[in-house]
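Sending over a structure as structure tokens; questions will come in a sec.
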Amino acid sequence: MTKNKRKVIYEGKAKILYQGTQPNTIIQYFKDDATAFNNKKFAIINGKGVLNNRISSFLMDKVKDIGIPTHFIKRINMREQLVHKVDIIPIEVVVRNIAAGSICKRFGLKEGESLPRPIVEYYYKSDELNDPLISEEHITAFDWANSNELEDIFNMSLRVNDFLLGIFSSISIKLVDFKLEYGRLFKDDNLEIILADELSPDNFRLWDNNTNKKLDKDRFREDLGDMKEAYQEVAKRLGILEN
């Protein structure tokens, strides 16, 4: 079946979701689109989708190995993954280890300053509202997730952070911060909260340990250039792309 004949379930800024070839599955297609500031800045970076697919597939498999349930089933080809169909919880979870981005502006922190401990923040997933920062009270009051689900999300996010800190530290990369999304998987009358979306430099801030060179989407946001080359560097250090 060609890409054009598939049923599109959803198209986002960086991915297209197609109806899967198996029941309750989705085919996740990684685009080359680069966006920032809620799509106000846009470019095509040839090959970015291929790199994100490879990196995310690798890292999703790794976190599954430590018992974190994910929507990832398998990588199909250079740009596509087969994933479980989930009910996405409309919350973006950001785990911060080092001050960068919006937290610097909110609290007057210097970029690169170490935080006293990993900080978990929640944002309402809405491009129209510019993904506002929200509290646990908002999440439970508006029924985006209940208190038990939120506890699972919080605990899983910190476990993923601990694990990825180790992976990136071993290849001389600082995991500054990253965004996670979760969904509800309904299977055999059971409901499970699982990790969804992707794990890639599009959603991470990654800095070289020695030089603090940025190896993530900030290269696009801040007009630093060489975004594809930075993603390739991450893939090479992870051992999934030949030098």
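Of all chymotrypsin sites (Phe, Trp or Tyr not before Pro) in region 88-162, which ones are in loop regions per DSSP and have a Cβ with at most 11 other Cβ atoms within 10 Å?
Details: sites: 107, 122, 123, 124, 142, 144, 154; in loops: 142, 144.
When the chymotrypsin sites (Phe, Trp or Tyr not before Pro) of region 88-162 are filtered for loop state and at most 11 Cβ neighbours within 10 Å, 142 remain.
Taking 1 over the mean of 1/r across every pair of different Cα atoms in the chain, what Kirkwood radius in Å do you get? Provide the component values of the computation, followed by the final result.
On the way: mean 1/r = 0.0539 Å⁻¹.
Here the Kirkwood hydrodynamic radius works out to 18.6 Å.
Now, a different point. Summing Lys, Arg as +1 and Asp, Glu as -1, what charge do residues with Cβ under 14 Å from the Cβ of residue 208 carry, residue 208 excluded?
On the way: positive: 174, 205, 213, 214, 219, 236, 237; negative: 216, 218, 226, 229, 233.
Cβ neighbours under 14 Å give a net charge of +2.
Something else now. Kindly identify region 1-70 as rounded, prolate or oblate by the Cα gyration tensor criterion: order the square roots of the eigenvalues as a ≥ b ≥ c, call it rounded if a/c is under 1.5, otherwise compare a/b with b/c, prolate if a/b is larger, else oblate. Present the calculation step by step, with values, prior to reporting the outcome.
Working: a/c = 1.96, a/b = 1.16, b/c = 1.69.
Taking the square roots of the gyration eigenvalues as a ≥ b ≥ c, region 1-70 is oblate.
Roughly what would the spin-label model give for residue 78 and residue 170, points 7 Å off Cα along C-beta, in nm?
2.9 nm
Related question: If I take every Cα pair under 8 Å that is 6 or more residues apart in the chain, average their sequence separation and divide by the length, what percent do I get for the relative contact order?
18 percent.
In addition: Using helices alone, what [θ] at 222 nm do you get for the chain, with -39,500 (n - 2.57) per DSSP H run of 4 or more residues, divided over all residues and rounded to the nearest 500? Walk me through the intermediate numbers first.
On the way: 6 runs with 69 residues, N = 243.
Rounded to the nearest 500, it is -8500 deg cm²/dmol.
What is the fewest-to-most order of 70, 140, 35 by other Cβ atoms lying within 10 Å of their Cβ?
Values: 70 23, 140 14, 35 19.
Least crowded to most crowded, the residues run 140, 35, 70.
At most 13 other Cβ atoms within 10 Å and a DSSP loop assignment: could you name the trypsin sites (Lys or Arg not before Pro) in region 101-167 that fit?
Working: sites: 105, 106, 110, 125, 159; in loops: 110, 125.
Sites meeting the loop and neighbour criteria: 110.
Under a 10 Å cutoff between Cα atoms, tell me which one of 84, 71, 138 has the largest fluctuation in the Gaussian network model of the chain.
Most flexible of the set in this elastic network: 138.
Considering only DSSP states other than H, G, I, E and B, which trypsin sites (Lys or Arg not before Pro) in region 4-50 qualify as loop sites with at most 10 other Cβ atoms within 10 Å? Walk me through the numbers on the way to the answer.
Numbers: sites: 5, 6, 7, 13, 15, 31, 40, 41, 48; in loops: 6, 7, 13, 31, 40.
Counting only loop positions with at most 10 other Cβ atoms within 10 Å, the trypsin sites (Lys or Arg not before Pro) in region 4-50 are 7, 40.
Bear in mind these aren't lab numbers, they're just calculated from the coordinates by the rules spelled out. Please read these numbers as outputs of a predicted model, since none were measured by experiment. Neighbour counts run over all protein chains shown; Cβ positions are idealised from the backbone, glycine included.
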